[in-house]
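See below for the structure under consideration.
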Amino acid sequence: MTASTSGRSSLLTALLVALAFALGFAEFVLIGITPDVASGLGEPLTLIGDIVGYYALACAIATPAVALATARADRFKLMATLLIVFNAGNLLTLLANGYTLFLISRLLPAATSGTLLAIALTYVSDIVPKGKTASVVGLLLAGFSVSSVIGVPIGATLADLFDWKAAYGCVLLLGLVVSAALLPLLPRTGGAAQATATLRSQLRLLGDGRVLANIAMILAGAASTYVFYTYLAPMLKDVMGLGSESVSLVLLLFGAACVGSNLLSGWVASRFGIRALPLAFAAHAVLLALLAASIPLGAIGVANILAIGLLMYVMNSTVQMLFQDVARTDYPSALTFSASLHPMAFNAGIAIGSLAGGVVVNAGGLLATGPAGALFAIAAAALALALSRMTSKQRRQQSANKNRGSNAVPHAAATSAVPFPKKTRWGIIGETTEEVCACPAKPNKPSSNEPSKLPTA
C-alpha cells in the first residue's frame, strides 16, 4: 500500500468513525435534554422520554427492512440518499414546535441510522487491508457507542447555555459536515454481488443456524447491560450517594471504559474470534451479579461498574464479522442485510433490557438490576458456546470437503491428462478423454514384419 493510498484509507476510516458518532449522537442526545424538550413543547416529561424508546424500536424495525428493500440498489447512491433523509429529519427537528412534528422528525433519522451504519461497515473491507478489518470495525462501533456518553453531556450543555434546539443544531451541523466530507471520497465500486439479490435470496440468511444464534446472543448481551445501564445515574445518586459532579465523572469514566471495550473487541475478533465470547459473557455475568454487593461500598462499586463498561462491547467486532463472513461465503446477495442485523439486534436488546430494568426496579429496587442483568449474560454465554461449536463444526466440514475434493482423482482425468490439443495415433484428444474427436485418424497399417497391434485400454 503506497503512502497516498494509506493516507486516503486513514482519512476514510476517520470519516466513517465520525459518521458512526453522528448517528449515535442523533439517537442518544435526547436522553440529556428530555426535561428541556418537554418544557419547550409543553408536554409531559414521560411522553418525551418515550421517544428514546420509539427511536430504538424504529431503528430495530427499519434497519433490516430498508436493507432488504434496497439490496439491489447502488451502494453509494443508497448511502447518499439515506444521508439526505437523515439530515432532513434533523433539520425538521429545529422547525418542530409541537409533539407530533417533533416525533416525526426523530423517526426519520431512526429509519435511516441503522442502515447507514450497516453500509459503512460494508465499506471497511474495501478501504483497509484484510488484517486490519476487525480493528477498524471496532473503531466504527466505538464511534457509535461512545456518542451515548460524550454526546449526551454535549447536548445537555448546549441546552443549558441556549435551549434544546441548540443541541439538535449541533447534531445537524455534524451530520452535514461528515456527509459533505465523506461522500466525495467513498469508493464507487463494490457490492456488485448484490445486483441479483431478491427478497428470497436474502432471507435465506435467516435460515442459517449461526446467524440466528448470533442474533439471539447479541439480544441477550445487550439486554444484560442495559438492564443495569438504564438506571446507572439514579443508582449512583440514590444508592451510592454521589453528588451531580461525581455522577458526571463516573459516567465519563464509564464512557472511556466503553471506548476501550470497543477497541478491545477488535483485538479479540482478530486474535480469538468467537471462541473468546463464552468466557467474556461469563465474566460479564459475574460482574453484574456483584453489583448488588459492591455498589454500597463506594469505590469498589465504581471499579465494578468500570469493569462492566470494559466488557460491555467486547462482542461487537466478532459478531459483526461473523455476520459478514457467513454472508460473503454462503449468501453473497445478502451482504448489506447481514451488516444490518447487528444494529437491529442490539437496538432490540436495548429495548428489552430497558423494559426488563423498569420491571425489576419496580419489583426489587435499583440494586436488583445487576443480578437481573447477570441472568441475561448467562444466557448470552450459553448461546456463545453453542455458536462457537457450530462455527467449529462448519469449519471442520469445509476442511473435510476440501481435502476430499483434492484427494479424489477422477479415473478419466487420471488416465488422460493430455494437454490440448494433442495428436495421437487414435485422433485429436483434448484435456480429458471426453474430448476425443468424433472422426479419429486411421491407424497406421502394420508392416508385414510386425504383428498386428490392437489398441488397449
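Report yes if residue 89 is assigned to a helix (DSSP H, G or I), modelled with pLDDT under 90 and either open to solvent by less than 50 Å² (accessible area, probe 1.4 Å) or at positive phi (or both), otherwise no.
No, not satisfied.
Looking only at the stretch 15-48, filter to residues that are touching a Pro at 6+ places or on another chain (Cβ under 9 Å) and not acidic (Asp, Glu); which one of those is most open to solvent (accessible area, probe 1.4 Å)?
45
Residues that are surrounded by 19 or more Cβ atoms within 10 Å (Cβ to Cβ) and at pLDDT 85 or above: list the helices (runs of 4 or more DSSP H) wholly contained in the stretch 318-427 that include at least 3 such residues.
Qualifying helices (runs of 4 or more DSSP H): 335-364, 369-407.
Go through (1) under 14 Å from residue 25 (Cα atoms); (2) open to solvent by less than 20 Å² (accessible area, probe 1.4 Å); (3) modelled with pLDDT of 85 or more one by one and return the number of the condition residue 148 breaks.
(3)
So that you can scan it fast, the table gives a plain yes or no per residue for (1) within 20 Å of residue 175 (Cβ to Cβ); (2) assigned to a helix (DSSP H, G or I):
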position: 58; (1), (2): yes, yes
position: 72; (1), (2): no, no
position: 93; (1), (2): yes, yes
position: 118; (1), (2): yes, yes
position: 131; (1), (2): no, yes
position: 135; (1), (2): no, yes
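Exactly one condition in (1) more than 24 Å from residue 351 (Cα to Cα); (2) open to solvent by less than 10 Å² (accessible area, probe 1.4 Å); (3) free of Cβ contacts under 8 Å to residues at least 60 places away in the same chain is not met by residue 12; state its number.
Answer for residue 12: the failing condition is (3).
Within the set of pairs 6+ apart or on separate chains, which have a first residue in the stretch 72-92 that is touching a residue at least 60 places away in the same chain (Cβ under 8 Å), a second that is open to solvent by 70 Å² or more (accessible area, probe 1.4 Å) and in a helix (DSSP H, G or I), and C-beta atoms under 7 Å apart?
The qualifying pairs are 87/176.
Quick check on residue 173: is it open to solvent by 20 Å² or more (accessible area, probe 1.4 Å) and modelled with pLDDT under 95?
no
The values are calculated or read from the model by the stated rules, or taken from the named source; none is laboratory data. None of the values given here were measured: they were computed from a predicted structure. Note that we place each Cβ from the backbone using ideal geometry, even for glycine, and neighbour counts take in every protein chain shown. Just the protein is used for accessible areas: all its heavy atoms, side chains included, with ligands, DNA and RNA removed. Shrake-Rupley method; radii C 1.70, N 1.55, O 1.52, S 1.80 Å.
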